[in-house]
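Notes follow once the structure below has been shown.
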Amino acid sequence: MSNSNESVRVCVRCRPLNSKEKGDGRQTIVEIDERTGQVTLHNPKGDAGEPPKNFTFDYSFPHTITQKEVYDKCARPIVCAAMDGYNGTIFAYGQTGTGKTHTMDGGQGPEMQGIIPNTFEHIFGEVEASGTNKQWMVRASFLEIYNEEVRDLLSKDSKKSCEVKEHKESGVYVKGLNAFVVKTVPELANVLEYVVREAVQRWYEEARGDAERGDIKMCAMVGNMNEEGYGCDKDPKAGKIWRERGARYKQE
């Protein structure tokens with residue numbers, strides 16, 4: 001188990017059986033212990049007396065967990081740290097159908113919104129709550145790793161491959177990656193909706209074989225404006241939040 005000072009945490013979320021699985025007579029074989037973070041797997045085809053397999057994570061969530069509870073436990077501390085100038089990444093990993101999109105994007109309505117829209121509201125809520133004592137700049141970038149190539153989804157030519165570089169002070173970065181200033185939650189959400197729609201359309205056009213894979217990554221840079229008007233990249237208290245969600249399109 002990680003403590004509050006560790007920088008990497010792993011959280012597991014168990015989804016409920018879907019209608020097809022229920023129709024096929026499948027049974028739940030996963031037990032979740034939220035208190036200890038333990039996940040127990042039972043083998044339905046195992047021999048009598050076969051012991052279950054136990055795995056322990058920083059957090060484990062049953063299918064009854066709410067979107068807000070997932071955000072508060074997994075993402076809120078990272079966003080708070082970014083507002084204080086630290087970098088952070090929220091990465092959703094899992095095979096097709098496990099619920100990555102539901103966790104990261106969510107659905108319609110405040111109760112169903114996922115980590116990404118909750119992050120938008122959190123950032124701009126903090127900005128508004130700071131009043132006139134601080135001036136903030138929020139910039140957003142969107143990139144995609146597709147067939148081992150990095151693409152800038154806000155570029156006029158989103159099919160062009162970008163170079164990944166490393167700076168001795170600022171670390172790894174994508175050369176020429178566009179970053180746009182955003183001032184409201186709807187403005188940021190509209191940009192996200194646009195880039196996802198364009199990316200999905202391109203996957204349809206480029207798909208070959210059984211499946212193609214694209215991982216969309218969004219970076220929100222949050223920083224205080226100093227007396228000279230500099231913000232984000234020149235501000236020592238600017239933080240970056242990376243949110244990543246793997247997506248798979250299967251050609252029919």
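For the range 42-107, which whole percent of the accessible surface, found with a 1.4 angstrom probe, sits on carbon and sulfur atoms? Write down the numbers at each step before the final one.
Values: 2160 of 4010 Å².
Percent of accessible area from carbon and sulfur atoms in the range 42-107: 54.
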Q | Solvent exposure of the range 1-103 as accessible area per residue, Å², 1.4 Å probe | A | 69
**Q.** Inter-label distance for residue 30 and residue 80, nm, one decimal - labels placed 7 Å from Cα along Cα-to-Cβ
**A.** 2.7
**Q.** Lys, Arg +1 and Asp, Glu -1 on Cβ, resulting dipole of the range 29-153 about Cα centre, debye, nearest 20
**A.** 100
Q | Gain in span if fully extended, residue 20 to residue 197, counting 0.36 nm per residue against the direct Cα distance | A | 61.0 nm
Q.
Need the full-extension length gain, residue 54 to residue 41, defined as separation in residues times 0.36 nm minus the C-alpha distance. One decimal, nm.
A. 4.0 nm
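Placing +1 at every Lys and Arg Cβ and -1 at every Asp and Glu Cβ, with all other atoms neutral, what dipole size does the range 9-91 have around its Cα centre, in debye to the nearest 20?
I would put it at about 240 debye.
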Q | Residue among 60, 42, 28 farthest towards the positive dipole end of the range 1-61, charges placed on Cβ | A | 28
Q) Once amide H atoms are placed 1.01 Å from N in the peptide plane, what residues at a sequence separation of 5 or more from residue 12, or on another chain, have their amide H within under 5 Å of its amide H? A) 59, 60, 61
Q. Hey, if you put +1 on the Cβ of every Lys and Arg and -1 on every Asp and Glu Cβ in the range 62-211, which of 136, 79, 189 ends up farthest toward the positive end of that dipole?
A. 136
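The values are calculated or read from the model by the stated rules, or taken from the named source; none is laboratory data. In this text the structure is predicted, and so the values were computed from the model without any measurement. When we count neighbours, we look across all protein chains shown, and the Cβ atoms used for this are built from the backbone with ideal geometry, even at glycine. The accessibility values were calculated without ligands, DNA or RNA, using every heavy atom of the protein model including side chains. Shrake-Rupley method; radii C 1.70, N 1.55, O 1.52, S 1.80 Å.
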